[in-house]
Amino acid sequence: MTDENALLAKALARAPLTRAETAALLSVKNPRPLFEAADRVRKAFVGDGVYLRGLIEFSNYCKNDCLYCGIRRSNASARRYRLTPEEIVHTAKKAAGYGYKTVVLQSGEDPWFDADTMADIIRQIKTLDVAVTLSLGEKTREEYAAYRRAGADRYLLRIETTDKALYEKMDPGMSWDNRVRCLCDLKELGYEVGSGSLVGLPGQTTESLADDLLFFKELPVDMAGIGPFIPHPQTPLAGETVQGHFELALKMMALMRLLLPDINIPATTAMETLHPRGRLLALESGANVVMPNVTEGDYRKFYELYPGKICTGDTPDRCRGCIQAKIESIGRTVSPAYGFHGDYLKGKK
């Protein structure tokens, strides 16, 4: 048995991996066995159903200035927009009508939406019999608690990188320690917690990516969103390359599935920006969630975290039909469930 095969067997046996062993699996030259193993584990622990989450990108205003992000504060070329609370709730109603059992509310860190405003939006959306996931960035514990009392179920806050020095270089004015504080507060408040990594950041090492995976396992997360870094032309990282980012992100997803077999792992939209079958390949390498955009009109184009974002000219109903057809093309089905962590295995008992 080769060293790579022995490491893969160890991961499949759920034996603890060291940082060096995790990095070695991320460095394999032939990742096919890793992808196939992740797909088998996915089938066993979360089944063949794919959970769809309807994504509402309701504001691209952001107080932060992250070097990799197209809606960073300093991007004067960004076309800014902000949906009203009424528009957000109306869009959520449409999403529920398309059959989504989860609505994801995502925005830049926009101070206009204070805790009371967001709590009222959440309460109204919860009357639609859907789960609510929030992705609003760093907040105080009190704000997170207010959202939770209003009915929010999940919160997605990507760590992006567990390399503290790299994080604070990429996110000027922000604190890595505060990011971790937010994740711990969310866990303590009873959210299903999602985090994740940006794969391919300048200065990022395979070892730091291994640290990311081990961090997610230790927390542990209920969802891990892993996507490739794609440089935006209106950021300081405009000249960086995307060489190798797609395959490395797939390896991260696959290994995440082996480390935490029953969590939810989305096939991120950015994967399809780099490869025409990107989301399908992710679904065949351990992923079990897709988050189609239900934002309407030109706002789909204006929420541009990275260039080349797919489906910006589509309508939400067309996206819903398109992704279902793609999922069924690989022998999978759209799950009618809410998709909470562990629900599949509970149903098997």
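The values are calculated or read from the model by the stated rules, or taken from the named source; none is laboratory data. Just so you know, these numbers come straight off a predicted model, no measurement behind them. FYI the Cβ positions are ideal-geometry reconstructions off the backbone, even for glycines, and counts take in every protein chain you see. SASA here: full protein model, heavy atoms, side chains in, ligands and nucleic acids out. Shrake-Rupley method; radii C 1.70, N 1.55, O 1.52, S 1.80 Å.
Against the criterion of being of a type in the set (A, V, I, L, M), surrounded by 16 or more Cβ atoms within 10 Å (Cβ to Cβ) and closer than 29 Å to Thr162 by Cβ, Val41 qualifies. Among the residues making up the stretch 159-177, those that are open to solvent by less than 30 Å² (accessible area, probe 1.4 Å) and in a helix (DSSP H, G or I) are Leu166, Tyr167, Met170.
So which residues in the stretch 178-195 are in a loop (DSSP other than H, G, I, E, B) and surrounded by fewer than 16 Cβ atoms within 10 Å (Cβ to Cβ), if there are any at all?
Keep residues of the stretch 178-195 that are in a loop (DSSP other than H, G, I, E, B), which gives 189-191.
Scanning the stretch 178-195 gives a single hit, Gly190.
With respect to the conditions (1) open to solvent by 40 Å² or more (accessible area, probe 1.4 Å); (2) of a type in the set (A, V, I, L, M); (3) in contact (Cβ under 8 Å) with a residue 12 or more places away in the chain, Ala6 lacks only one, and its number is (3). Here Arg14 clears all of (1) modelled with pLDDT of 95 or more; (2) within 17 Å of Arg257 (Cβ to Cβ) except the condition numbered (1). Among the residues making up the stretch 221-250, those that are assigned to a helix (DSSP H, G or I) and buried (at least 24 other Cβ atoms within 10 Å of the Cβ) are Ala249, Leu250. Those helices (runs of 4 or more DSSP H) of the stretch 262-314 in which at least 2 residues are without any contact (Cβ under 8 Å) to a residue 60 or more places away in the chain, considering only elements entirely within it, cover 269-274, 278-283. When the stretch 306-339 is filtered for residues that are under 18 Å from the mean Cα position of the chain (by Cα) and open to solvent by 60 Å² or more (accessible area, probe 1.4 Å), only Tyr338 remains. Reported count of residues in the stretch 9-38, each being over 28 Å from Tyr344 (Cα atoms) and exposed (fewer than 13 other Cβ atoms within 10 Å of the Cβ), is 4. Looking across the stretch 196-212, just one residue is surrounded by 23 or more Cβ atoms within 10 Å (Cβ to Cβ) and out of contact with any strand residue (DSSP E or B) (no Cβ under 8 Å at 6 or more places or on another chain), and that is Ala210. Strands (runs of 3 or more DSSP E) fully within the stretch 49-144 that include at least 3 residues being at negative phi and open to solvent by 30 Å² or more (accessible area, probe 1.4 Å): none found. If you go through the stretch 197-218 one residue at a time, do you hit one that is farther than 21 Å from Ser285 by Cα, touching a Leu at 6+ places or on another chain (Cβ under 7 Å), aliphatic (A, V, I, L, M) and not in a helix (DSSP H, G or I)? Within the stretch 197-218 (the criterion being farther than 21 Å from Ser285 by Cα, touching a Leu at 6+ places or on another chain (Cβ under 7 Å), aliphatic (A, V, I, L, M) and not in a helix (DSSP H, G or I)), the answer is yes, since at least one residue qualifies.
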